[in-house]
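Since the structure comes first, as structure tokens, the remarks are kept for the end.
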Amino acid sequence: MKVLVTGGAGYIGSHTVLSLLENNYDVIVYDNLVNSSIESIDRVEKLAGKKVEFIEGDICDKEKLSKVFEQFTIDAVIHFAALKAVGESAQIPLSYYQNNVYGTVCLLEVMQQHKVHNFIFSSSATVYGEENDVPYVETMKLGTPSSPYGASKVMVERVLGDLAQSNSNFRGVSLRYFNPIGAHESGQIGEDPKGIPNNLLPYVAQVAVGKREKLGIFGDDYPTKDGSCERDYLHVMDLAQGHVAALDWLNRHSEFSGVEAFNLGTGNGVSVFAIVKAFEKAIDKKIPFEVSPRRTGDLPAFWADANKANKALNWQAKRSVEQMMADTWRWQSTNPNGYLV
Ligand code: NAD
Ligand code: UFG
């Protein structure tokens, strides 16, 4: 089976490509490298001992995309390509809607033209917005996220629903990721943010390696056990395997058409202070931090009800917080400058 992976050179994409190769899928990566490096694909190929077809291109470029569908017989698409910085999305919202919404529409149009109907979309827990109580479950209504980035994910989920209504061949899966962290256990691939990291784990890891002076903990006065925010952190390799499980599910259910959403998370909330402690334990060193003001748009706590994915996809997030920390550190300490070699 041949799978087109948009955004496959990025953080989650590269780990998923590795899992796909290990499960005997053929992979074509389509990525414009706006937030990634081709080096990730070279390393994935070495780890898997298999080749990946790489095409540099933008999902908004329908002509180029069309050529890819003409050149290869594609059975399914996994769509990671998107811009993902929550804060930046409020500064340049049009770029986010262009890339994430219009880009996805372009991809879906080209898929329709070439009669490719299997589609797996990178959605996010952010689609539950501020209205829903935790744990989040797939039967809840889509909420109102606090950022244009989050809104772009809600919009795409709506687009997929409408497309499925209009085309009974369409077979879509929205995977709602919670907070992916960690790296492949080899330490060869991992998260390589450009500039100052927005997310907690890359920031902690850069403090640990001496690239940043100290971590700012955004608020210690939330209504949680220790006052810091709680999130459902899951290992990126568990998340990668969730995509293989979703593809297998599509293959098993040849009668299925429509769109199905699945939460991919552990089901546990872990606080920022707990993450810092776990990281300190993994590296046997203190992480300098200070408590700073709350970050606009942060919710106090959310985690997944992952029962649907556990049962239907036969998937479970298995790796522990300790393993997430150890693998983050292996990647960061052996690649202090990421893929810049
Ligand atoms: P990433 O930035 O590492 O990967 C995204 C990849 O898409 C990059 O390689 C980038 O170069 C590529 N890309 C972006 N715009 C493109 C375009 N127009 N055409 C072609 N390629 C393009 O991000 P990631 O963390 O791997 O996230 C992957 C997906 O998962 C994204 O859709 C993101 O919104 C979603 N997601 C991520 C998280 C998270 O915490 N990392 C959480 C929920 C959902
Ligand atoms: N945090 C800090 N200091 C930092 C960075 C983060 O204290 O330097 C805190 C945040 O306030 C938050 C927690 O660490 O409480 C996690 O923050 P992240 O930025 O790592 O993750 P978020 O939960 O804010 O956002 C992530 C993804 C989004 C996605 C969202 C919901 O980045 O793409 O999960 O799935 F929309």
Nearest 10, in degrees from 0 to 90: the angle of helix 321-334 to the longest Cα principal axis of the chain is 90
Given labels modelled 7 Å from the Cα in the Cβ direction, how far is it in nm from Leu94 to Lys141?
3.2
Can you pull the Rg over Rh of the chain, Cα-only, Kirkwood?
0.94
Highest-fluctuation residue, Met325, Met237, Met140 considered, GNM on the chain with Cα pairs under 10 Å
Met140
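With 14 Å as the cut-off, how large is the P(r) tail for the range 13-83, expressed as percent of Cα-Cα pairs?
Cα-Cα pairs in the range 13-83 separated by more than 14 Å: 59 percent.
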Using only Cα atoms, find the angle between the long axis of helix 62-71 and the longest principal axis of the chain, and express it within 0 to 90 degrees, rounded to the nearest 10.
70
GNM of the chain, Cα pairs under 10 angstrom: of Asp298, Asp327, Asp58, the biggest fluctuation goes to Asp298
Divide by every residue of the chain the summed helix terms, -39500 (n - 2.57) for each DSSP H run of at least 4, and state the resulting mean residue ellipticity at 222 nm, rounded to the nearest 500 deg cm²/dmol.
-11500 deg cm²/dmol
Listed by chain and number, the aspartates and glutamates with an alpha carbon less than 19 angstrom from that of Lys214, same-chain partners under 8 positions apart left out, are Asp192, Glu280, Asp284, Glu290
Could you pull out which residues in the range 271-306 have an amide N less than 12 Å from a spot 7 Å beyond the Cα of Asp221, following the Cα-Cβ vector?
292-294
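Within 10 Å, count the other beta carbons around each residue, average over each peptide in 62-70, 170-178, and list them highest first.
Working: 62-70: 15.6, 170-178: 23.1.
Result, highest mean Cβ count within 10 Å first: 170-178, 62-70.
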Which lysines have a Cα lying under 22 Å from the Cα of Lys2, excluding residues fewer than 8 positions away in the same chain?
Lys46, Lys50, Lys51, Lys62, Lys64, Lys67, Lys115
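Between Ser186 and Ser257, 0.36 nm times their residue separation minus their Cα-Cα distance comes to what? Walk me through the numbers on the way to the answer.
On the way: separation 71, 0.36 × 71 = 25.56 nm, distance 3.79 nm.
Here the answer is 21.8 nm.
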Regression test value, accessible area per residue of the chain, probe 1.4 Å, units Å², expected 44
Using 0.36 nm times the number of residues separating Gln316 and Ile196, minus their current alpha carbon distance, what extension gain do you get?
40.0 nm
Counting other Cβ atoms within 10 Å, which GluC sites (Glu not before Pro) in the range 89-168 have at most 16 and lie in a DSSP loop?
Glu130, Glu131
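Counting only protein heavy atoms and a 1.4 Å probe, tell me what percentage of the chain's accessible area is made up of carbon and sulfur. Kindly include the intermediate steps, with their values, before the conclusion.
Details: 7220 of 14940 Å².
Carbon with sulfur: 48 percent of the solvent-accessible area.
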Taking just the C-alpha trace of the range 148-288, give me its Rg and Dmax in Å.
18.7, 56
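Given 0.36 nm per residue, what is the gain on full extension from Phe72 to Tyr102 after removing their alpha carbon distance, in nm?
Numbers: separation 30, 0.36 × 30 = 10.80 nm, distance 2.36 nm.
Net length gain for the segment: 8.4 nm.
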Lysines whose Cα lies under 17 Å from that of Lys211, excluding same-chain neighbours fewer than 8 positions away:
Lys194, Lys285, Lys286
Under 13 Å from the Cβ of Phe256, count the other residues' Cβ atoms, weight Lys and Arg +1, Asp and Glu -1, and hand me the total.
-1
Spacing of the two label points (7 Å from each Cα toward its C-beta) at Lys281 and Glu63, in nm:
5.7
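Compare the peptides 300-309, 328-337 by average per-residue count of other Cβ atoms within 10 angstrom and give them in order, highest first.
On the way: 300-309: 21.0, 328-337: 18.2.
For the peptides 300-309, 328-337, the packing ranking is 300-309, 328-337.
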Using only the alpha carbons of the range 1-141, what is the convex hull's orientation-averaged projected area in square nanometres?
9.6
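The values are calculated or read from the model by the stated rules, or taken from the named source; none is laboratory data. Since this is a predicted model, take the numbers as computed values, not measurements. Because the Cβ atoms are built from the backbone with ideal geometry, glycine has one as well, and the counts that use them run over all protein chains shown. All accessible areas refer to the heavy atoms of the entire protein, side chains included, with ligands and DNA or RNA removed. Shrake-Rupley method; radii C 1.70, N 1.55, O 1.52, S 1.80 Å.
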